[in-house]
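To start, the structure under review is shown below, and the notes come after it.
The values are calculated or read from the model by the stated rules, or taken from the named source; none is laboratory data. Note that this is a predicted model, so its numbers are computed, not measured. Glycine also receives a Cβ, built like all others from the backbone with ideal geometry; neighbour counts cover every protein chain displayed. Surface accessibility is based on the protein's heavy atoms, side chains included, excluding ligands, DNA and RNA. Shrake-Rupley method; radii C 1.70, N 1.55, O 1.52, S 1.80 Å.
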Amino acid sequence: MSDYDFSQLSPHDFELMCRDLLQAEWGLTLESFKTGKDGGTDFRYARAGKQIIVQCKRFVETGFDGLMRELRKEADKVRKLKPGRYILMTATPLSDANKTRIVEVIGAEFLDKSDIFGCADLNNLLGKHPEIERSHYKLWLASTNVLETVLHNDIVTQSEFQVEKIHGEIKRYVQGNAYPRALAALKADHVVILSGLPGVGKTTLANMLLYEHLANGFEPVVLRQDFAEGKAMFRKGKPQVFYFDDFMGTTFLGDKGSSDQQREFRAILEFIEMVSASKDKRLILTTREQMLQQAWGASEQIRNADLIDRKVVIHMGDYNLRQRAEILYNHVFFSDLPADYRDELLKGEFYFKIVKHDKFNPRLIEWLSTYRRLKAVLVDGYQAFVTRLLHDPSEIWRHAYERQISDAGRSLLLTMFSFGGKAGDTLLREGFAALHAHRAQKYGLPRRPDDYTTARAELHGAFVRPTGVETVEFINPSVQDWLNRVVRTEPDNAIDLIVGSVRFTQIAQVWSFVQSAVGGATRDTLRSDVALVAPQISALATAQRAIPHEKGVAYIAPSYEERLATMIRMADALRAPALLPVIDGIIARIKEERSETLCKIDDTISAVKAFESAGWEELQRFDPFFDDCAGELVASAEHSCGSGELRALLEQYEDAQTPDHPFKESLKKAFEGFLGSYLSDEIRNCQSEQDFDGLIDHLEYFGRTFAFDVDNQIASVNEARDEYVDYEEQRADQQMDEYKEHRREERANEDGIREMFGSLRLER
């Protein structure tokens, strides 16, 4: 018979187990009620006027005395409800005398001793219904018996499997649908590949699967280098479970040639087939999703194999509200956090603020639920502390950034900062190489040929994640917050980032930070070192935009006009003569480009506005160029322009609207060209009522400016607008029905979360 003390279950988990046991035992469905609104009822069954009420009271820690204190308060609620039958289920061990005392408190007219289920009774029910025991994986997987079985497995010690750590994780683990799917895949095919974004829980789930197989008598074989290890440890007739974490990373992150990679692919497929053909073998693999996609693209062997069919994709990175709540609840319940801190989480339903915050992540939850990190925080300041942590979780990243990653890792994070927190792998590698080389030379840092791949490996899942096959981004907005602090508190980082840049977009990104409210002293540092950075700024500002491409020519952003606008603002803010030659170089590039193509209207107007708003008199040397921009803009508009571009041009050069101005006829021709060639496209591209209204406003403005009757054009826009509104109204009715249903589900979901967190207060 089972012999659980149920300490591995939270009150919420315990309640669900009790429900499932009674439903299996009685063959009926129990209704759930929410804490605080049901007079104390957890479950109810009503038929033919007879009402059965079920109460679940875990009370593992406080035992019988704690249970009795709670039942004395519960008795009044039971008398008011007057149920036909009252059922009590508790994890507390109960003697016959204990049950007699409980009946006396609740009332014999409502409660019979046979309807009191203590610890032994629940274990008896689990013995009768093993399917319930199996479905509540935390119950048996986190039990002392399983732990002892695993700990006494000598092979576990040899494989350095962290049993106690995983045993502790089980209680806090939030199970989605991936766990049963993965188990089913292992049972059917003997192999499962857990694939998904970094940080979504692949390794944790793999640990759970491995731990379960150890409890069932399998010998663990943890692969660390390659599949040759697995072949060497393969024993016929012996139950074995092989585990390889990030198995594709080994293939792709090393500096290997294509022939080596193809051999790796063959080794992968051969070992998978070995395990698949053996009834007593299991293979658990994890990989980052982009690695699997790269393998698919790089190897015909992988494409021709059924490798993808064995994949169980886990998308837990974007946690839904319920999952977030369960993560917070589990971490708090199974933590050493004192009761008064837990009460602060419950006060005003503060936990909702945490689980709904856009910077929510499990690392933050672990931090705010660990008492040793909170000893200096007063109880009445706990909510304020957590709010600050959510707003700026930099303390979470400080230790990892300063102590747990390499200099190469820090170079890579700073490179990503200069790209705005997101970059393609090829560009990121190029940017890293330049910045890391500069920092290594400046600060005497060690360098290795594999620094980039090593840095990528150590950051993935901790600081960064892939957001496509070839793109990487910060795993959480709080990483950006931390790097803001790093650059602000050590402004020399801003200088390093500019000197180590490979694209002008990085210069613009750093300058945007310097000018921002969080830029701190970086502007003063940049002003004092502007002569040092000017050569690199000049090289990137004037670098060729046109790059030969297999389909013609590709252009590297930003345009020269955008670069000019940035440099005008930078020179004006820093009053730096060293930047004037940079502006000269950009203007030369613009003139060269304009000899072949027309200017970009929006970008050129942006540069003109930056120049006109500048106050530094040294910039007046560029007056002739900006005077010529008016003619260039009009010529470009006459060739082609949209309504927004034309209006911006007219508003920039209002004097051109006078009857005798030389641009008047050209601008009118541009307007006529817009009506004939582009208006219909803009009407089709309107995506909202505001878009239609904006287009009508432009047309009315043009009508006044050019004394032109635009009634027919406005009528066409209004006709399209009316069709759009009719369609949107129909869609809105449908969406309202969907919204109401969603809100009902959302309210029920939030009620369930309230019920779950209510148990933090009850069991004291």
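For this structure, a couple of remarks:
- Any hit, the range 407-430, residues being more than 22 Å from Thr467 (Cα to Cα), at pLDDT below 95 and outside any helix (DSSP H, G or I): no
- Flag for Pro662 being within 22 Å of Asp603 (Cα to Cα) and open to solvent by 60 Å² or more (accessible area, probe 1.4 Å): no
- Here the range 311-341 is the region considered, the condition is being in contact with a helix residue (DSSP H, G or I) (Cβ under 6 Å, 6 or more places away or on another chain) and either closer than 30 Å to Ala267 by Cα or not in a helix (DSSP H, G or I) (or both), and the residue that is modelled with the lowest pLDDT is Ile314.
- Pair list, Cβ < 6 Å and 6+ apart or interchain, from the range 50-77 residues that are at negative phi to residues that are at pLDDT below 90 and among the polar types (S, T, N, Q): Ile53/Thr41; Val60/Ser7
- Reported count of residues in the range 616-657, each being open to solvent by 60 Å² or more (accessible area, probe 1.4 Å) and either among the polar types (S, T, N, Q) or not in a helix (DSSP H, G or I) (or both), is 1.
- Residue that is surrounded by the fewest Cβ atoms within 10 Å (Cβ to Cβ), among those in the range 53-81 that are in contact with an Asp or Glu (Cβ under 9 Å, 6 or more places away or on another chain) and β-branched (Val, Ile, Thr): Thr62
- In the range 685-725, residue surrounded by the most Cβ atoms within 10 Å (Cβ to Cβ) [restricted to those that are outside any helix (DSSP H, G or I) and of a type outside the set (A, V, I, L, M)]: Cys686
- Number of positions in the range 407-466 that are in contact (Cβ under 8 Å) with a residue 60 or more places away in the chain and among the charged types (D, E, K, R): 5
- When residues of the range 346-387 are limited to those that are outside any helix (DSSP H, G or I) and among the small types (Gly, Ala, Ser), the one surrounded by the most Cβ atoms within 10 Å (Cβ to Cβ): Ser369
- When restricted to residues that are touching a helix residue (DSSP H, G or I) at 6+ places or on another chain (Cβ under 8 Å) and in a loop (DSSP other than H, G, I, E, B), the range 487-531 contains 10.
- Looking across the range 601-629, the residues that are aromatic (Phe, Trp, Tyr) and more than 15 Å from Leu579 (Cα to Cα) come down to Phe625, Phe626.
- Breaking point among (1) modelled with pLDDT of 80 or more; (2) farther than 30 Å from Arg322 by Cβ; (3) open to solvent by less than 60 Å² (accessible area, probe 1.4 Å); (4) out of contact with any Asp or Glu (no Cβ under 7 Å at 6 or more places or on another chain), for Tyr243: (2)
- Odd one out for Asp13, checked against (1) surrounded by fewer than 17 Cβ atoms within 10 Å (Cβ to Cβ); (2) modelled with pLDDT under 90: (1)
- So Ile556, is it under 35 Å from the mean Cα position of the chain (by Cα), among the β-branched types (Val, Ile, Thr) and surrounded by fewer than 17 Cβ atoms within 10 Å (Cβ to Cβ): yes
- Any chance Ala670 is touching a helix residue (DSSP H, G or I) at 6+ places or on another chain (Cβ under 7 Å), modelled with pLDDT of 90 or more, surrounded by 17 or more Cβ atoms within 10 Å (Cβ to Cβ) and in a helix (DSSP H, G or I): yes
- Candidate set from the range 471-481 (those that are in a helix (DSSP H, G or I) and either open to solvent by 10 Å² or more (accessible area, probe 1.4 Å) or out of contact with any Phe, Trp or Tyr (no Cβ under 8 Å at 6 or more places or on another chain) (or both)); member that is modelled with the lowest pLDDT: Pro477
- Of the residues making up the range 581-604, those that are part of a helix (DSSP H, G or I) and open to solvent by 10 Å² or more (accessible area, probe 1.4 Å) number 12.
- Qualifying residue in the range 188-196 (condition: among the aliphatic types (A, V, I, L, M), farther than 20 Å from Thr287 by Cα, open to solvent by 20 Å² or more (accessible area, probe 1.4 Å) and at pLDDT 75 or above): yes
- Test result for Leu223, under 20 Å from Thr203 (Cα atoms) and at pLDDT 80 or above: yes
- The lone exception for Leu598 - which of (1) closer than 19 Å to Val502 by Cβ; (2) in contact with a His (Cβ under 7 Å, 6 or more places away or on another chain) it fails: (1)
- Tally of residues being more than 29 Å from Ile507 (Cα to Cα) and within 21 Å of the chain's Cα centre (by Cα) across the range 377-425: 5
- The single residue among Lys34, Lys80 that is farther than 25 Å from Asp5 by Cβ, touching a helix residue (DSSP H, G or I) at 6+ places or on another chain (Cβ under 6 Å) and modelled with pLDDT under 90 turns out to be Lys34.
- Exclusive hit being out of contact with any strand residue (DSSP E or B) (no Cβ under 8 Å at 6 or more places or on another chain), among the β-branched types (Val, Ile, Thr) and open to solvent by 20 Å² or more (accessible area, probe 1.4 Å), set Thr453, Thr525: Thr525
- Matching residues, the range 408-444, being of a type in the set (A, V, I, L, M), open to solvent by 20 Å² or more (accessible area, probe 1.4 Å) and closer than 18 Å to Ala494 by Cα: Ala433, Ala434, Ala437
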